[in-house]
Structure formats: C-alpha cells, structure tokens
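**Q** The structure follows.
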Amino acid sequence: MKERNIYKNIVVCILIGWILFFLYGQWQSYWKEQKVYELSIQSDSDLTQETAEEFKKISGILRFEPADTVRLTIKLGEYSMETELLGVDLQEFSGEWKEVAETFSLGNTPVLFFGTDSFQGFSDRQGYPPSKGQMERWKKDYQKLDLKIQDETGRERNGKICGILKEPSDQIFMDKTQMAEIFADYVHTRGGHMEIYGYRNAKGAEELLEQAGFMIDSEME
C-alpha cells in the first residue's frame, strides 16, 4: 500500500507540474499580447503617401513616425566619412545621452549629435581609421571640433557637434526641422518608427514588411 501511495504522489506531482507549466505559458502569452512593440523600418526608396496609407491598415498599429534622412560627407581634419543623418524631434527623442551641450542654437549652422561608435566611420585619404586615442579625444572635446559638412552638390558648410549618445551608438542625428530648412532639396524619407500593439500583430507586420522589401530592426523576443 505504501508503494502505491508513493507512485500516486509522484503522478500527482508531475500532473501539477504540467498544469503549472501550461498556466505559466498561457500567462506569458497573455502579457505578450498586452505589450506595445517597436519596429524601425528602412527602404531603398522614398516612402510615398500611398505607402503611408497602407501602413494604417496593419493590424494593431498605433503610430508610425516617418524618419527623414540626408546623405552627407562629414570632414574632421584629415578624416572624412560618407554617412546618412537621421532627423529627429529633439523634444521627443528617446536616445540615451552620454553628454550634451547645455545650450546651443539651431540656426544656419548644422547641429549634429554623434553616437559614441559613429566616429569609427571616419577614415583618412589612405583609408585608415582614426586611432582609439584620437576618437576618445574627439568625444572629450566634441564641442570644439572644426566640422565640415558637404551635401550632394559638393557645397560645404561649417557644422558643430552638440551632443554624444550612448544609444543609439552607431548613428548621427540632427533636429529634423533644422534639417528640412538647411538641406530641403536633399532630405529623403525612406523609413521610420512604428509602434504595434500585441505580439502576433507585431510578428505579422514584421513578416509583411519584410516581404514588401523593407529592412526591419526590432527587439521582439
């Protein structure tokens, strides 16, 4: 009789374990469907109004914020790099700052904000990147740097750096209003930021957008 009770207890414990495991899975699934997921999308061509209207049909979509970009060459002393600046609303920007100037003016001089790793994109005329020591000096003295910015036509302007970002660390940003004023003829809208409610909706949107040729960056589990 005792052996039978032991076996019975083992079976009951296993059954309870499976039930708890099932309930935990259901609980996880439930909360995943209550979350808002963020997707960054990028295209090789400019987004049209028709494309933006199609985004509104995505199941669970809460918001789509277009991202303005401009292709430029940035020169820093003997170093230069071709890069794409991303226009953002500085009032709503969610990046993680390492340092930022206490005051700066968004006038006729382009004001840029560098990610900590974006300095790695520079190279000299022989194609060699700056040393780690050089990049650290740039980050430390970023407000004093003599920056030259060249647009698609070859026109060169003076620019300045007014902040260093921890995250995103590999991009360079500019206030989108100032970008539209200074580089009006060269601004492109080829991507943006999307917020979608519910895990299944977000996965469905991710698959749909990838099929349509968009590059997707998300932090979905």
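The values are calculated or read from the model by the stated rules, or taken from the named source; none is laboratory data. Here the structure is a predicted model, which means the values were calculated and not measured. Cβ: placed from backbone, ideal geometry, glycine included. Neighbour counts: every protein chain shown. When the accessible area is computed, the model is the full protein with side chains, heavy atoms only, and any ligands, DNA or RNA have been set aside. Shrake-Rupley method; radii C 1.70, N 1.55, O 1.52, S 1.80 Å.
**Q** Report every pair of residues separated by at least 6 positions or lying on different chains whose Cβ atoms are under 6 Å apart, first residue within region 86-104 and surrounded by 16 or more Cβ atoms within 10 Å (Cβ to Cβ), second of a type in the set (S, T, N, Q).
**A** These pairs meet every condition: 86/69; 86/171.
**Q** Name the residue that is nearest to residue 62 (Cα to Cα), counting only residues in region 168-193 that are touching a Pro at 6+ places or on another chain (Cβ under 7 Å) and in a strand (DSSP E or B).
**A** Result: 192.
**Q** Suppose we filter 142, 128 for residues that are farther than 25 Å from residue 108 by Cα and among the hydroxyl-bearing types (Ser, Thr, Tyr); which single one remains?
**A** Within the list 142, 128, the selection yields 128.
**Q** Return the pairs, sorted by first residue and then second, in which the second residue is part of a helix (DSSP H, G or I), the first residue lies in region 134-145 and is polar (S, T, N, Q), the beta carbons are less than 9 Å apart, and the residues are 6+ apart or on different chains.
**A** 134/119
**Q** Against the conditions (1) farther than 19 Å from residue 54 by Cβ; (2) at pLDDT 85 or above, where does residue 195 fall short? Just the number, please.
**A** Against the list (1) farther than 19 Å from residue 54 by Cβ; (2) at pLDDT 85 or above, residue 195 comes up short only on (1).
**Q** If you don't mind, another one. For the subset of region 58-69 comprising residues that are more than 22 Å from residue 179 (Cβ to Cβ) and either modelled with pLDDT under 85 or among the hydrophobic types (A, V, I, L, M, F, W, C) (or both), which member is least open to solvent (accessible area, probe 1.4 Å)?
**A** Result: 58.
**Q** Follow-up. Quick one: in region 17-43, of everything that is open to solvent by 80 Å² or more (accessible area, probe 1.4 Å) and at pLDDT 80 or above, which residue is nearest to the chain's Cα centre (by Cα)?
**A** Restricting to residues being open to solvent by 80 Å² or more (accessible area, probe 1.4 Å) and at pLDDT 80 or above, the top hit is 38.
Conditions (1) part of a strand (DSSP E or B); (2) open to solvent by 30 Å² or more (accessible area, probe 1.4 Å); (3) closer than 30 Å to residue 33 by Cβ; (4) of a type in the set (S, T, N, Q), marked per residue:
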| residue | (1), (2), (3), (4) |
| --- | --- |
| 125 | no, yes, no, no |
| 135 | no, no, no, no |
| 148 | yes, yes, no, no |
| 166 | yes, yes, no, no |
| 195 | yes, yes, yes, no |
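**Q** So, one more: Here are some conditions: (1) modelled with pLDDT under 90; (2) closer than 27 Å to residue 40 by Cα; (3) of a type outside the set (Val, Ile, Thr). Residue 114 meets all but one. Which one does it not meet?
**A** (1)
**Q** Restricting region 180-193 to residues that are of a type in the set (A, V, I, L, M) and loosely packed, with under 15 Cβ neighbours inside 10 Å, which is farthest from residue 150 (Cα to Cα)?
**A** Top of the filtered list is 180.
**Q** Restricting to region 188-211, name every residue that is in contact (Cβ under 8 Å) with a residue 60 or more places away in the chain, farther than 29 Å from residue 152 by Cα and more than 15 Å from the chain's Cα centre (by Cα).
**A** 196, 197, 198, 199, 200, 201, 202, 204, 205, 206, 208, 209
**Q** Take the residues in region 70-84 that are part of a strand (DSSP E or B) and open to solvent by 40 Å² or more (accessible area, probe 1.4 Å), then tell me which one is nearest to residue 152 (Cα to Cα).
**A** 71
**Q** Here is a further query. From 87, 95, 107, 115, which residue is over 18 Å from residue 166 (Cβ atoms), of a type outside the set (Lys, Arg) and under 14 Å from the mean Cα position of the chain (by Cα)?
**A** The conditions single out 87.
**Q** Just one of 177, 153 is among the hydroxyl-bearing types (Ser, Thr, Tyr), over 24 Å from residue 194 (Cα atoms) and either open to solvent by 30 Å² or more (accessible area, probe 1.4 Å) or in contact (Cβ under 8 Å) with a residue 24 or more places away in the chain (or both); which is it?
**A** 153
**Q** Then there is this: Restricting to region 90-118, what's the tally of residues that are closer than 20 Å to residue 193 by Cβ and part of a loop (DSSP other than H, G, I, E, B)?
**A** 6
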